[in-house]
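Just below is one structure, and these are the notes that go with it.
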Amino acid sequence: GVTRLLLTRIPFFKEIIVSSFCCDNCSWSNTEIQSAGRIQEQGVRYTLAVTSRQDMNREVVKTDCASARIPELDFEIPAFSQKGVLTTIEGIIDRAVAGLEQDQPARRVTDKEVARKIDEFIDKLRQLKDVKSPFTFILDDPSGNSFVENPQAPQRDEALMVTRYRRSPQQCALLGLEGEEVDAKLPDAAEDLRDEVLQFNTNCPECNAPASTNMKLVQIPHFKEVIIMATNCDSCGHRTNEVKSGGAIEPQGTRITLRITDPSDMTRDILKSETCSVEIPELEFELGMGALGGKFTTLEGLLKDIRDLVEKNPFTLGDSSTPSRTGKLQEFIGKLQDVKGKAQAHFIMDDPAGNSYLQNVYAPEEDPELSVQRYERTFEQNEELGLNDMRTEGYETQAASGR
């Protein structure tokens, strides 16, 4: 026969190898999957509350070292009892039914009572497929390479709970890692942060209803790490996102100047920290430090935020505004729209903390339209950042003498 191999990637999961065997003589076929990556630092346990037929269609990656359980029926598929498979929840139940039915004809002859009990249990498994009553599906994989689909990704799935845990010595021995785990060091907390989206409870800033904030540590190429925080309120629909620098304040300030010459410049990534000010000399426009907060977006997205900031300000374009002021602001909005289209202009970002970033599309080569200037901060800038009174060395001695 012929075995075919396919390397594919499952969205929001990882790469896997799908192998398929087919025999032309007897038409027997078989498929299985293997993880294309290494064994993960931690094991993973997926707990899914199955409540509808749609849940039965969720994709499942079950490796050969994973076990599957349905507590309501006291049913378990032990680890290493099946080959790895890419299927659905319904497919796992069908495979279990097929395995139980395989020897039933022989059992009905040799042991009718056991065969009757197995038939009853098979009927219960088949009834699960109709989801007349909810049940729980648990997939436990100490290698961390199994997966249960989240159809709402990248949003959170309330019906699916994902738990990561540290393997026991027995599980390490089953995976052949016993010798490695004895001398293994604890996983780096920073590495865990890079791989996971952390979530903590908070209140919505608009309606004060309970909400959740997602936090992710992201590495920006040719720059540094940043922390992206996003809040989504299910009650009023309010959404907000904010970016914090993941590193320390740089020794020098940064002044980034981009000459906008083409509409494609609008797609450049931008990290604007809270300490960064923005200037467009051609429009005689300057956005002060702290305005719009920290943002990780594109140049077009930042210009759109600037336009919204002007248009939605009731003191400038509301009923109390004067016609002359309204005319000037409408003219400014028109020029800002031209910058997004065809007009050439200079876009300047000045960050005394040095934590802002504008994408160099030619990286790692020099960008002819982009210049980055480092400068020494003034006393006033250090004062605004709180650096003049900050001591990072020798403060222990001073505190002891003060007592």
Checked region 225-266 for anything crowded, with 16+ Cβ neighbours inside 10 Å, part of a loop (DSSP other than H, G, I, E, B) and touching a strand residue (DSSP E or B) at 6+ places or on another chain (Cβ under 9 Å); matches are 233, 246, 250
For residue 151, the lone unmet condition from (1) outside any helix (DSSP H, G or I); (2) farther than 25 Å from residue 18 by Cβ; (3) out of contact with any Phe, Trp or Tyr (no Cβ under 9 Å at 6 or more places or on another chain); (4) not small (Gly, Ala, Ser) is (2)
* Asked: Scanning for something open to solvent by 30 Å² or more (accessible area, probe 1.4 Å), of a type in the set (A, V, I, L, M) and either at pLDDT 85 or above or not in a helix (DSSP H, G or I) (or both), does region 354-367 turn up at least one residue?
  -> yes
The one condition residue 119 fails out of (1) open to solvent by 30 Å² or more (accessible area, probe 1.4 Å); (2) within 30 Å of residue 39 (Cβ to Cβ) is (2)
Here the qualifying pairs (Cβ atoms under 8 Å; residues six or more apart or on different chains; first in region 309-330 and of a type in the set (D, E, K, R); second modelled with pLDDT of 65 or more and in a helix (DSSP H, G or I)) come out as 311/333
ask   = Can we say residue 162 is in contact with a Phe, Trp or Tyr (Cβ under 7 Å, 6 or more places away or on another chain), outside any loop (DSSP other than H, G, I, E, B) and open to solvent by 60 Å² or more (accessible area, probe 1.4 Å)?
value = yes
Among (1) at pLDDT 85 or above; (2) out of contact with any helix residue (DSSP H, G or I) (no Cβ under 8 Å at 6 or more places or on another chain), residue 93 falls short only on (2)
Restricting region 104-116 to residues that are among the basic types (Lys, Arg) and open to solvent by 100 Å² or more (accessible area, probe 1.4 Å), the one modelled with the highest pLDDT turns out to be 116
Among residues of region 177-220 being exposed (fewer than 10 other Cβ atoms within 10 Å of the Cβ) and not in a helix (DSSP H, G or I), the residue modelled with the lowest pLDDT is 183
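The values are calculated or read from the model by the stated rules, or taken from the named source; none is laboratory data. Keep in mind the model is a prediction, meaning the values are calculated, not measured. Don't worry about glycine lacking a Cβ; one is built from the backbone with ideal geometry, like all the others, and counts go over all protein chains shown. The accessibility values were calculated without ligands, DNA or RNA, using every heavy atom of the protein model including side chains. Shrake-Rupley method; radii C 1.70, N 1.55, O 1.52, S 1.80 Å.
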